[in-house]
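The structure under discussion appears below in the form of structure tokens.
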Amino acid sequence: MGIELEFIVLLVIMTLGTSIFAVFEVETPAWRKIVKWLMVHTITIGLFFLAGHWALLFPVGAAAAGGTFHFVWCRRNGIHPRLATPRRRYYELRGWQWYD
């Protein structure tokens, strides 16, 4: 199997990541989300040409590191790591405008 494996893994990570963590990105501009995913895909595909399937360590490792940081940060700041509640507190931490 060639580069297809990398594309499948990237698709699964992107689908699960955006589905699970969408509640935390409500106010994030679309361009930032697009740039983030383009960077992950570009680095992974570039690494594939240098290291073969070992390139999969990058997105899997980044997802693991990001998920760990997310849970630690949420717990440390009193936010539920799955539901982003209390919502007002989460918006304050992110610097987003809360509308009543």
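Some points to look at:
- Being surrounded by 12 or more Cβ atoms within 10 Å (Cβ to Cβ), under 28 Å from Trp96 (Cα atoms) and touching a Leu at 6+ places or on another chain (Cβ under 8 Å) holds for only one residue in Ile13, Ile79, and it is Ile79.
- Conditions (1) touching a residue at least 40 places away in the same chain (Cβ under 8 Å); (2) in contact with a Phe, Trp or Tyr (Cβ under 6 Å, 6 or more places away or on another chain); number of the one not met by Ile79: (1)
- All of Leu57, Leu93 fail the test of being at pLDDT 95 or above and surrounded by 12 or more Cβ atoms within 10 Å (Cβ to Cβ), apart from Leu57.
The values are calculated or read from the model by the stated rules, or taken from the named source; none is laboratory data. What you are looking at is a predicted structure, and each value in this text was computed from that prediction instead of being measured. Using ideal geometry, Cβ is built from the backbone for each residue, glycine included, and neighbour counts are taken over all protein chains shown.
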